[in-house]
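**Q** To start, I am sharing the structure in question, which I have written as structure tokens.
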Amino acid sequence: MSYPTHKNIGVIGLGIIGRAIAANLRRKGFPVYVWNRSPRPVPNFVGSLGELAGICDYIQIFVSDDEALLQTVEQLSGKLTPRHVVLAHSTVAPDSMRAAAEVVERRGARFVEASFTGSKPAAEKGELVYYVGGTEAALREARPILEASSKAIIEIGTVGQASAIKIATNMITAASAQAAAEALALVQALGLPLEKFVEAMRANASYSGTLALKLPKMLDRDFEPQFSVKHMLKDMQIASQIALSHYLDLGVTAAARDQLLEQMQWGHGDDDYSSVARKYLHEPAAAFCEEPSTVDQDEQTAAGQSTTGSAESETQSVEPQDAGSQQPLLGFAAAASGAANETTGLRRGFLKQLLSRFSSGQG
């Protein structure tokens, strides 16, 4: 791939995804300048958004939400000219993305909506997947920049439509994590080995990249953020708002949203969204061998992460494995707890859920 290395790239927002993208672009020979609301000790950190626009032809925006995106383009607008291409990567409501495009295009600059799927590992490797929207001319000019940090670019349509697709994919991701957490709770409550559930899922038609990545982390209580609770919650709230305006009853999405909100209320907003399992799995799992060759494809957060990137956002993919190779099972020490301890744990979990419902007004 031949990259236009004579063109300076500005990266706005140094969350999980923005940091990784900036580093990846530098490794590929791009001159990269960065700005973040709170200063960071990183190369080519500039003093203002106006300074960034004065230096850079391409500007990639990785901020967390609708308000941050609109504020960013407004602050940039006074310095934008027809030489600029602005790429917005935040996961936001379609109307917010269209409003940002209008601000940019009034200045004669080009605007590209470039929602992405893939979290920290994918961004570091330059393996994001972009869902893009914009005019044919804008997309053509932005493509070399997007190719430098992605493994695929999917053209969706006009500005706003890619954001809708990204929200829809995150609905599946959030629901998958919630369903997995509940399934683990049932298996544990019945005293069955959790590793047998994982083994069964690997041969099940519903197994996915999300489950390949998140099940081991749930069982090991590893909630280091790849795509955070707060950013996935933001996306589920956007989905719920869209549903309300179109008279849609999205029961599964509402349930996933409520469980993410509960994690926020318990102070876990910066944890990975897979931490919804925390309320269901009451005893620590023993050490296990994590499945290899998994790539975390998601969020959005997130932008600033959200993401991200969002968030980190987040669709996961599993790299193909040799058909003849054996996939390691998750190994756990046998749980030797007595019946009384198990009953106490289950009652404690039930009471926690009951109290949570009363505190949220659902009881």
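The values are calculated or read from the model by the stated rules, or taken from the named source; none is laboratory data. A quick note: this is a predicted structure, and the numbers were derived from the prediction, not measured. Note: ideal-geometry Cβ built from the backbone for every residue, glycine included; neighbour counts use all protein chains shown. Keep in mind that these areas ignore ligands, DNA and RNA; they rest on the heavy atoms of the full protein, side chains included. Shrake-Rupley method; radii C 1.70, N 1.55, O 1.52, S 1.80 Å.
**Q** Take the residue pairs Lys125/Lys234; Lys166/Lys214; Lys7/Lys79; Lys125/Lys166; Lys166/Lys279 and return only those whose Cα atoms are more than 24 Å apart.
**A** In this structure, Lys125/Lys234; Lys166/Lys279 exceed 24 Å between Cα atoms.
**Q** Something else: Quick one: pull the percent of accessible area on the stretch 149-193 belonging to carbon and sulfur, 1.4 Å probe, ligands and nucleic acids left out.
**A** 69
**Q** While we're looking at this one, here's another question. Tell me, what HN-Hα J-couplings in whole Hz come from the Karplus equation 6.51 cos²θ - 1.76 cosθ + 1.60 at θ = phi - 60° for each residue of the stretch 122-133, using x for Gly and Pro?
**A** Residue by residue, the stretch 122-133 yields 5, 5, 5, 8, x, 10, 5, 10, 9, 9, 10, x Hz.
**Q** Using θ = phi - 60° and the Karplus curve 6.51 cos²θ - 1.76 cosθ + 1.60, what whole-Hz ³J(HN,Hα) does each residue of the stretch 12-25 get, with Gly and Pro shown as x?
**A** 10, x, 10, x, 4, 7, x, 4, 5, 5, 4, 5, 5, 5
**Q** Hey, if we sort Lys79, Lys230 by accessible area with the 1.4 Å probe, largest down, what's the order?
**A** From most exposed to least exposed: Lys79, Lys230.
**Q** Please give the per residue accessible area of the stretch 1-86, computed with a probe of 1.4 Å over protein heavy atoms only, in Å².
**A** 43
**Q** Now, a different point. I'd like the accessible area for Met171, computed on protein heavy atoms only with a 1.4 Å probe and all protein chains in place. Round to 10 Å², please.
**A** In the full protein context, Met171 sits at about 50 Å².
**Q** Quote the accessible area belonging to Tyr131 in square angstrom, nearest 10, computed with a 1.4 Å probe and with ligands, DNA and RNA left uncounted.
**A** For Tyr131, the solvent-accessible surface is approximately 20 Å².
**Q** Right, next: For the stretch 34-74, which chymotrypsin sites (Phe, Trp or Tyr not before Pro) are in a loop by DSSP, counting at most 12 other Cβ atoms within 10 Å?
**A** Numbers: sites: Trp35, Phe45, Tyr58, Phe62; in loops: Phe62.
Qualifying residues, ordered by number: none.
**Q** Another question, if that's okay. Picking from Gly29, Ala88, Ala53, whose Cα lies most toward the positive end of the charge dipole for the stretch 29-106 (charges on Cβ: Lys, Arg +1; Asp, Glu -1)?
**A** Gly29
**Q** Starting from the Cα-Cα distance between Leu186 and Arg83, subtract it from 0.36 nm times their residue separation and give me the gain in nm to one decimal.
**A** Result for the pair: 31.3 nm of gain on full extension.
**Q** Using the Cα centre as the reference, give the magnitude of the dipole from point charges on the C-beta atoms of the stretch 111-255 (Lys, Arg: +1; Asp, Glu: -1; all else neutral), rounded to the nearest 20 debye.
**A** Using only the charged Cβ atoms, the result is roughly 160 debye.
**Q** What are the ³J(HN,Hα) couplings of the stretch 99-113, residue after residue, when phi is run through the Karplus curve with 6.51, -1.76, 1.60 and θ = phi - 60°? Round to Hz, x for glycine and proline.
**A** Residue by residue, the stretch 99-113 yields 5, 5, 4, 4, 4, 5, 6, 4, 8, x, 7, 9, 10, 10, 7 Hz.
**Q** Any idea of Asp66's accessible area? Nearest 10 Å², probe 1.4 Å.
**A** Asp66 exposes around 40 Å² with every protein chain in place.
**Q** Would you list Tyr130, Tyr207 from the most to the least accessible area, probe 1.4 Å?
**A** Tyr207, Tyr130
**Q** Further, regarding this structure: Given a 1.4 Å probe and every protein chain left where it sits, what share in percent of the accessible area of the stretch 61-142 is carbon and sulfur?
**A** 47
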